[in-house]
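Quick note: the coordinates plus some simple rules give every number you see, no bench work behind them. Since the structure is predicted, the reported quantities are computational estimates derived from the model, not experimental observations. We place every Cβ from the backbone using ideal geometry, glycine too, and count neighbours over all the protein chains shown.
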Amino acid sequence: SMLSRSLSGVKDQTMVLALPGSTKGASESMDALFPPLLHAFRIFKGARHD
């Protein structure tokens, strides 16, 4: 699933992710994306970028 051509973006204060259609593919994508997404949300909220 990491090799899919999915898209993502930010509009105003909303992050939009396009995940694979299969349950397994979506789950694997979220497992891979969750840590960097948490970091991105912290940066959006004004946290320091270390």
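Computed quantities for the displayed model
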read-out	value
Principal semi-axes in Å for the chain [√(5λ), Cα gyration tensor, largest first]	23, 13, 8
Additional length obtainable on full extension of the chain from Ala40 to Leu7, 0.36 nm per residue less Cα span	10.3 nm
Estimated inter-spin distance, Met15 and Leu33, nm [label 7 Å along Cα→Cβ]	0.9
Relative contact order (percent, whole number), the chain, Cα cutoff 8 Å, 6+ residue spacing	25
R0 of 22 Å, Cβ-Cβ distance Ala47-Ser22: FRET efficiency to nearest 0.05	0.05
Angle between the chain longest axis and helix 23-44 axis [Cα atoms, degrees, rounded to 10]	10
Expected 222 nm ellipticity per residue - DSSP helices of 4 or more, -39500 (n - 2.57), all of the chain, to 500	-15500 deg cm²/dmol
